[in-house]
Amino acid sequence: MATRTDVLDKMVEIRKKLGWSMERTARYLDVSIATFQRWEYKKTEPNFENTLKIQNFIEEHEEKLN
């Protein structure tokens, strides 16, 4: 089972492969840029609802990258 840290690491990996900025990804996930930065820099972890949004982002975009 993936931890939230694993999910965040995968999100960052995909974001970078897509060439998306933190701001674009934050808008896509419907969170503030500050919130997104705290996740990416591992200052905080997303709540359950936002973890689901991140997992959906990963699933949707991972297929496009493979």
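With the helix formula -39500 (n - 2.57) applied to DSSP H stretches of n ≥ 4, the chain reaches a computed 222 nm mean residue ellipticity of -23000 deg cm²/dmol. With a Förster radius of 25 Å, plug the Cβ-Cβ distance of residue 18 and residue 45 into 1/(1 + (r/R0)^6) and report the FRET value to the nearest 0.05. For residue 18 and residue 45, the calculated efficiency is 0.70. Legend: P(r) of the chain from all alpha carbon pair distances, 5 Å bins from 0, whole percents, reading 4, 18, 34, 30, 12, 3. Protein heavy-atom accessible surface, 1.4 Å probe, per residue over the chain: 67 Å².
The values are calculated or read from the model by the stated rules, or taken from the named source; none is laboratory data. Keep in mind that this is a model prediction, so the values were computed, not measured. Note: ideal-geometry Cβ built from the backbone for every residue, glycine included; neighbour counts use all protein chains shown. Quick note on the areas: whole protein, heavy atoms, side chains included, nothing else; ligands and nucleic acids left out. Shrake-Rupley method; radii C 1.70, N 1.55, O 1.52, S 1.80 Å.
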